[in-house]
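Each remark here refers to the structure printed beneath this line.
The values are calculated or read from the model by the stated rules, or taken from the named source; none is laboratory data. Quick caveat: nothing in here was measured; it's all calculated off a predicted structure. Every residue, glycine among them, receives a Cβ derived from its backbone with ideal geometry; neighbour counts consider all protein chains shown. For the accessible areas, the whole protein counts, side chains as well, though only heavy atoms, and no ligand, DNA or RNA atoms are used. Shrake-Rupley method; radii C 1.70, N 1.55, O 1.52, S 1.80 Å.
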Amino acid sequence: MDTTKYFVGGKKMNLRKRKWVYLFTEGNAEMRNLLGGKGANLAEMTNIGLPVPQGFTVTTDACTQYYEDGRQINDEIMGQIMEFVGRIEMINDKYFGDPEKPLLVSVRSGARASMPGMMDTILNLGMNEEVVEAMIKANPDPKFERFVYDSYRRFIQMFSDVVMGVGKKHFEELIDDMKKKKGVEFDVDLTASDLKELAEQFKAEYKKELDEDFPTDPIIQLKEAIKAVFRSWDNPRANVYRRDNDIPYSWGTAVSVMPMVFGNLNNDSGTGVAFTRDPATGEKKLMGEFLVNAQGEDVVAGIRTPMKIDEMEKQFPEAYKQFIKVCKILEKHYHDMQDMEFTVENGKLYMLQCRNGKRTAQAALKIACDLVDEGMKTEEEAVAMIDPRNLDTLLHPQFDVNVLKNSKPLGRGLGASPGAACGKIVFTAEDAEAWNNKGEKVVLVRLETSPEDITGMKAAQGILTVRGGMTSHAAVVARGMGKCCVSGCGDIAMDEAKKKFTLAGKEFKEGDFISIDGTTGNIYDGKIATVDATIAGEFGRIMSWADKYRTMKVRTNADTPHDARKARELGAEGIGLCRTEHMFFEGDRIDAFREMICSDTVEEREKALDKILPYQQDDFEKLYEALEGYPVTIRFLDPPLHEFVPTENADIEKLAKTQNKSVEDIRAIIDSLHEFNPMMGHRGCRLAVTYPEIAKMQTRAVIRAAINVSKKHSNWSVKPEIMIPLVGDVKEFNFVKKIVVETADEEIKAAGFKLEYEVGTMIEIPRAALTADEIAANADFFCFGTNDLTQMTYGFSRDDAGKFLNAYYDTKIFENDPFTKLDRDGVGKLMKMTIDLGKPVNPKLHVGICGEHGGDPSSVEFCNDLGLDYVSCSPFRVPIARLAAAQAAIAQKK
């Protein structure tokens, strides 16, 4: 055990051993699981010789321990933190609470996965009245005095807000009052005397809100700040972000403690954020922003609109020259586009952070292709570096160029995140959520966004801000979400309190329509028409690489020729699920099906179904045509019959007349179809057991359509896959399969045509998984219907689970919605059991998945690991599944 003694603030400390804290010199980029992304990259930049203020990182393990210890930092961890405070005091020759050489630090969060703006940061920690007075006394320059009081008021405000929960609005109101009183527009125009007065007002506000004095002991400040960063791992915005980005709660966050460098020291100082490539387009050029005489949060918060990064060269030529060199070093070192935060203090450059930058889907594709062309990435590495979920944004509508030609923009901001958004104006995140829940499309308009707005940003079609640049919170988070965003439109005169703003002489109120273009930054009055997106060249290139390396097929869930064609355009290799019930609702079919439901005899039911047969056959022919010989899996009727009966009086009367029954008789039939739990009621294969004539009609339609299309296209391999839903017992399957086979063989014989077909089943009842060996003996294929399998396994109704799942997230019972991300431990175990039982019995059995999980990247990865033959998902998620399948195969190979 290391018993070295360190002096912290003049006190001798004895030490222990399980390592909870690391100096930057002790870590590296491979330690991100322990040090978090920020800590690992600060260590890595230190190792390659870049100018990084030397500090330490408290590990993610310490965060986990903090929660295990009832949200307390235990003595062992705190002892190590104090030891490492002592070490950085000696390294930097500055000391906590020392009036002569005060150590001031930043305390920053840093999870292993980047979560920009979701957790908390505290700057200028270590200041108190004594330190402030000593700093000013040592340097009587009035400009320096202003800097000291500016740093002090910032610290009081940030500590009060982030650590103690005193809302920042209290302090912003005091700042606004002071600026009004002094007749100035910006914070930088306030004098040292003004800022000193503000600091006193801030402390008074702190005492008023908390009934205690602002803490003056730097050690207490540090301990409370580290606890606050650990706490922020569990704040609402971080929880929402984690759920959306598949980041486990168990990971925790690290905390990096770093000596302050001051961008707000004077006009020879400043701070900036930059990207080595354009995060919106992927263009290979430095893009970023810089503020003179400012600290980091000024750029990110968007309170002041900054200047472009290349303008920094005029004011700080040497620092800019060094920064350009650092950019090249970092991109060459990490082989990816870098997002960097830096500060210039008295003309000297300091690097405060680097990470692989968040980017739009369009930029991600271009950067990946360019890095391959530049020899920095292999094709496999390029495929692996793109988040499949982001592809979604490339496939959604853009503004119609022809309409735009005749539409004059009312104003223009910065095109911070590409795409088109049109909706009704709302002014708060809460309103965005509420209106979205009512089915309204909204555009969130704010002075600037803050991390608390994340749920509203998620609910909105797009975001428009008055302040902020390309690296503001709104821009970074919107790009990560794939949301359209226009930031920094300073021409907007905003009145948030009255929920209105003025632009180009026109007043806009809550509920008015507005359209924004996140590519150009243009803002339009009213609604602008949209068109389907065109897919860029890089998209095809990345997809060709993905197809080259994936081993699992990707099909689509499609019920119409239009959806099928769209899915084929996007790379689908067949239909994994055609829901035939959707076809029953069109035109005269619903009338005929209602006649079938209300019939008294088999003959009457068959007569009604004969009316539907030609429609079904035509539907299937069009699907086969759209798929051009690729597999088509047709699920037979699944929903309970009550979903098809009329509810309107006029429809009921029409049905009664057709059936020669009284209205009362029809109502009695409708009432008899009512079920207490329809999802577990008379549906799926149970309908075919009760009414075999339904299965016979559907089989005839499938087989006749396949024969007709095969005759027209002799070079296509049309081989229908008939899927029997909701089987729980092998005898159910065998009963319905016998009907299907007898009917199909009869049709094939009558046509005098050779046609192969398959009969399989959905695995969506746990009992089917448990008895998969029995079912596999007679089934040609299995397809996991994970929507139903999830609800049957959990005992949750997927239509009602939303009422209580939020409580499950809040209490950490669940981290994700099991209906969107596959439950590997429960449902996944049933899936594995199905394959392990079924394949030995029937080696030719092919297995896929057709629930919504088929388009979720983490679920696709699990399906690949299980050895599924294909996943099937909605048309617009096909590229996502193709890319996710490739990434899973590449990872499995490694």
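Restricting attention to the range 652-664 and to residues that are without any contact (Cβ under 8 Å) to a residue 40 or more places away in the chain and at negative phi, the residue that is nearest to the chain's Cα centre (by Cα) turns out to be ILE652.
How about the range 96-200: which helices (runs of 4 or more DSSP H) wholly inside it have at least 1 residues that are more than 32 Å from the chain's Cα centre (by Cα) and of a type in the set (Gly, Ala, Ser)?
Working: elements: 129-138, 142-158, 168-182.
Of the helices (runs of 4 or more DSSP H) lying wholly inside the range 96-200, those with at least 1 residues that are more than 32 Å from the chain's Cα centre (by Cα) and of a type in the set (Gly, Ala, Ser) span 129-138, 142-158.
Restricting attention to the range 351-378, report how many residues are open to solvent by 50 Å² or more (accessible area, probe 1.4 Å) and either more than 27 Å from ILE48 (Cβ to Cβ) or touching a Pro at 6+ places or on another chain (Cβ under 6 Å) (or both). Qualifying residue count for the region: 1. Between GLY802, GLY785, GLY795, the distinction of being within 24 Å of MET680 (Cα to Cα) and either open to solvent by less than 10 Å² (accessible area, probe 1.4 Å) or of a type in the set (Val, Ile, Thr) (or both) belongs to GLY785 only. Restricting the first member to the range 842-854 and to residues that are more than 8 Å from PHE784 (Cβ to Cβ), and the second to residues that are open to solvent by less than 30 Å² (accessible area, probe 1.4 Å) and among the basic types (Lys, Arg), the beta-carbon pairs closer than 9 Å and six or more apart or on different chains are GLY854/ARG555.
Consider the range 802-823 and keep the residues that are farther than 17 Å from SER859 by Cβ and assigned to a loop (DSSP other than H, G, I, E, B). The one that is nearest to the chain's Cα centre (by Cα) is LYS812. Among the residues of the range 552-595, those identified as touching a Leu at 6+ places or on another chain (Cβ under 7 Å), crowded, with 24+ Cβ neighbours inside 10 Å and farther than 25 Å from GLY540 by Cα are CYS578, ARG594. The residue pairs whose first member lies in the range 312-327 and is aromatic (Phe, Trp, Tyr), whose second member is part of a helix (DSSP H, G or I) and surrounded by 22 or more Cβ atoms within 10 Å (Cβ to Cβ), and whose beta carbons are closer than 7 Å, counting only pairs six or more residues apart or on different chains, are TYR320/MET312.
Give me the residue from the range 213-236 that is open to solvent by 30 Å² or more (accessible area, probe 1.4 Å) and assigned to a helix (DSSP H, G or I) and, out of that set, modelled with the lowest pLDDT. Residue satisfying both the conditions and the ranking: PRO236. Within the range 270-284, the residues that satisfy the criterion of being of a type in the set (Val, Ile, Thr) and assigned to a loop (DSSP other than H, G, I, E, B) are THR276, THR281.
Just one of (1) of a type outside the set (S, T, N, Q); (2) closer than 30 Å to GLY537 by Cα; (3) under 19 Å from the mean Cα position of the chain (by Cα); (4) at pLDDT 90 or above fails for ALA429. It is (2). Looking only at residues in the range 858-882 that are more than 21 Å from ASP563 (Cα to Cα) and not in a helix (DSSP H, G or I), which one is least open to solvent (accessible area, probe 1.4 Å)? Within the range 858-882, the match that is least open to solvent (accessible area, probe 1.4 Å) is LEU868. Can you say whether VAL240 is open to solvent by 10 Å² or more (accessible area, probe 1.4 Å), β-branched (Val, Ile, Thr) and modelled with pLDDT under 90, as far as the supplied structure shows? It is true that VAL240 is open to solvent by 10 Å² or more (accessible area, probe 1.4 Å), β-branched (Val, Ile, Thr) and modelled with pLDDT under 90. Scoring TYR630 on the criteria (1) of a type in the set (Phe, Trp, Tyr); (2) more than 20 Å from ARG700 (Cβ to Cβ); (3) open to solvent by less than 20 Å² (accessible area, probe 1.4 Å) leaves a single failure, condition (3). Is there any pair linking a residue in the range 765-792 that is more than 16 Å from LEU577 (Cβ to Cβ) and charged (D, E, K, R) to one that is open to solvent by 10 Å² or more (accessible area, probe 1.4 Å) and assigned to a helix (DSSP H, G or I), with Cβ under 6 Å and at least six apart or on different chains, and which? Within 6 Å, the pairs are ASP773/LEU837; ASP773/VAL841; GLU774/VAL730.
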